[in-house]
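Asker: Just passing along the structure, written as structure tokens.
None of the figures in this text is laboratory data; all of them are computed from the coordinates on show. A quick note: this is a predicted structure, and the numbers were derived from the prediction, not measured. Glycine also receives a Cβ, built like all others from the backbone with ideal geometry; neighbour counts cover every protein chain displayed.
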Amino acid sequence: MSMYGRDPWGGPLEINAADSATDDDRSRNLQDYDRAALSRPLDETQQSWLLGPGEQKKKKYVDLGCIIVSRKIFVWTVGTLLVSGFLAGFITLIVKTVPRHHHNHAPSDNYTLALHKALMFFNAQRSGRIPKHNNVSWRGNSCLQDGKSDSSWTLTKDLVGGYYDAGDAIKFNFPQSFAMTMLSWSVIEYSAKYEAAGELNHVKEIIKWGTDYFLKTFNSTADTIDAIAAQVGVGDTSGGSTTPNDHYCWMRPEDIEYDRPVYQCHSCSDLAAEMAAALASASIVFKDNKAYSQKLVHGAKTLFKFSREQRGRYSAGGSDAAIFYNSTSYWDEFVWGGAWLYYATGNSSYLQLATTPGIARHAGAFWGGPDYGVLSWDNKLAGAQVLLSRLRLFLSPGYPYEEILRTFHNQTSIIMCSFLPVFTSFNRTKGGLIQLNHGRPQPLQYVVNAAFLATVYSDYLDAADTPGWYCGPNFYSTDVLREFARTQVSRCTWMSCSAVD
């Protein structure tokens with residue numbers, strides 16, 4: 001199915017309030033308008049149009065010497081000039097006598113301020129040639145030799161761009177792709193809210209900065225590839241090595257002069273499928289730019305094909321990535337990437353793959369475990385199940401997808417139940433912050449991901465006229481999910497939560 005035919009996404013959640021009037025409302029408004037028109041007396045011109053010539057009244061004129069005008073026109077003209085002069089003088093008097101106050105715009109709410117700062121984080125993490133309008137004054141051009149300084153990397157000599165991971169200058173393409181996918185998902189569903197916050201163009205620019213870089217990491221013009229760049233830079237300092245790298249040399253990226261190696265992989269299904277998800281989701285964000293959107297779709301198809309043909313984990317074999325962002329499986333990326341490619345293209349082969357029971361079983365869709373339902377850069381299953389529940393709620397594709405989609409929908413409901421404090425799937429801090437990673441490091445990233453899933457799923461249910469969902473015999477309103485998201489984000493921002501790291 002063509003990408004530019006029927007839209008498999010089905011449109012964003014937001015509805016223009018101006019178009020929300022029902023047919024009955026419009027009919028009542030029209031009836032009110034007709035009654036008002038009929039009750040209004042017609043003027044002489046309208047009477048002549050509708051009724052024909054009537055009795056002609058004798059008009060009175062004023063002789064001004066050079067011209068003769070109607071007395072009525074003369075009186076109205078003089079009166080208008082006098083009134084206009086009076087108003088102009090009165091307004092001028094007010095302007096000159098009333099003290100001037102410079103009124104500032106109403107302060108932004110805390111969530112809007114948090115959004116501004118979260119997006120500013122990406123500006124601070126930019127690698128490459130920084131645009132002049134970047135709003136982080138202390139950042140400049142950096143690592144402009146990425147791809148050129150490693151003789152073993154022969155695919156492309158330009159790997160400039162993308163984002164540094166956190167406090168270091170390594171570009172880990174696996175978590176970076178996940179960050180771009182999640183940003184795209186948020187823009188697709190909530191573009192009007194970004195626009196209201198004055199951040200829509202900014203967040204789209206952030207996404208494009210990432211996708212432009214991803215297109216450099218493989219031969220994006222080809223239909224078939226055999227390698228992609230997995231990482232630029234190195235951080236392993238074990239064994240007492242003094243070789244300069246991004247962890248041994250703790251410095252500003254602008255000051256880096258040492259060579260930065262490129263890690264390439266030939267069997268990395270997880271990374272390739274996640275990058276495919278990033279490009280596919282971004283193609284929906286940029287659907288108004290047809291050429292760029294098609295370029296992203298082509299790259300996503302190529303990457304996903306590579307992920308299916310060259311099986312393996314990108315972090316296998318004791319690579320540098322295994323120390324920092326080790327991938328545990330690639331089956332969840334198959335479901336996640338397949339779902340996004342279906343939404344981007346409408347090609348049912350991607351939906352067939354994403355709903356294959358064997359792939360879902362390998363991804364862990366049918367069994368629990370301590371980390372079940374926790375969305376992260378390593379495990380996208382929970383996000384994929386919400387995405388596919390959206391498909392069932394809005395488009396209901398039916399046979400042969402209904403059974404597995406119903407299973408995903410049920411599993412999503414179970415995940416939402418596990419977020420509620422009445423259940424004991426996860427511990428909570430004394431302040432109420434859910435501990436999704438069971439005490440392991442960097443807990444806040446999992447919290448914000450869960451808050452996003454709870455918010456978007458509650459909005460899906462509302463858009464489908466479904467007031468809530470069941471946890472066993474008990475029914476819970478969608479407001480419960482929104483309250484969970486609100487309280488978790490509030491606690492997270494209070495604890496200086498980072499949206500990515």
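Asker: List, in order, the whole-Hz ³J(HN,Hα) value for each residue of the stretch 226-234 obtained from phi through the Karplus relation with A = 6.51, B = -1.76, C = 1.60 and θ = phi - 60°; use x for Gly and Pro.
Answerer: 10, 6, 9, 7, 9, 6, 10, x, 9
Asker: If you don't mind, there's one more thing I want to ask. Select from the stretch 232-274 those GluC sites (Glu not before Pro) which occupy a DSSP coil region and have at most 11 other Cβ atoms within 10 Å, ordered by residue number. Write down the numbers at each step before the final one.
Answerer: Working: sites: Glu254, Glu257, Glu274; in loops: Glu257.
Here the sparse-neighbourhood loop sites are Glu257.
Asker: Also, quick follow-up: Extending each Cα 7 Å along its Cβ direction at His133 and Gln294, get the distance between those two points in nm, one decimal.
Answerer: My value for the distance between the label points is 2.7 nm.
Asker: Non-local amide H neighbours of Ile228 (under 5 Å, H modeled in plane, Pro and chain starts lacking H): which ones?
Answerer: Cys265
Asker: In the stretch 325-385, what chymotrypsin sites (Phe, Trp or Tyr not before Pro) fall in a loop by DSSP, with at most 14 other Cβ atoms inside 10 Å?
Answerer: Numbers: sites: Tyr325, Tyr330, Trp331, Phe334, Trp336, Trp340, Tyr342, Tyr343, Tyr350, Phe366, Trp367, Tyr372, Trp377; in loops: Tyr325, Tyr330, Phe366, Trp367, Tyr372, Trp377.
Here the chymotrypsin sites (Phe, Trp or Tyr not before Pro) that fit, given the DSSP loop and packing criteria, are Phe366, Trp367.
Asker: Which cross-chain or sequence-distant (5 or more) residues have an amide H under 5 Å from the amide H of Cys471, H modelled 1.01 Å from N in plane?
Answerer: Tyr476
Asker: As an exercise, use a Förster radius of 25 Å and the Cβ-Cβ distance of Thr237 and Thr156 to find the FRET efficiency, rounded to the nearest 0.05.
Answerer: Numbers: r = 28 Å, r/R0 = 1.13.
E between Thr237 and Thr156, to the nearest 0.05, is 0.30.
Asker: Let me ask you something else. Using θ = phi - 60° and the Karplus curve 6.51 cos²θ - 1.76 cosθ + 1.60, what whole-Hz ³J(HN,Hα) does each residue of the stretch 476-490 get, with Gly and Pro shown as x?
Answerer: With the stated coefficients, the stretch 476-490 comes to 10, 6, 4, 4, 5, 5, 5, 5, 4, 4, 5, 5, 5, 5, 4 Hz.
Asker: Let me ask something additional. Evaluate E = 1/(1 + (r/R0)^6) for Ala196 and Phe121, where r is the Cβ-Cβ distance and R0 equals 22 Å; express this FRET efficiency to the nearest 0.05. Show your work: numbers first, answer last.
Answerer: Details: r = 21 Å, r/R0 = 0.94.
The value I calculate is 0.60.
Asker: Could you run the Karplus curve 6.51 cos²θ - 1.76 cosθ + 1.60 with θ = phi - 60° over the stretch 184-199 and give me ³J(HN,Hα) per residue in whole Hz, x for Gly and Pro?
Answerer: Result, ordered by residue: 4, 4, 5, 5, 4, 8, 10, 4, 5, 6, 4, 5, 4, 7, x, 10 Hz.
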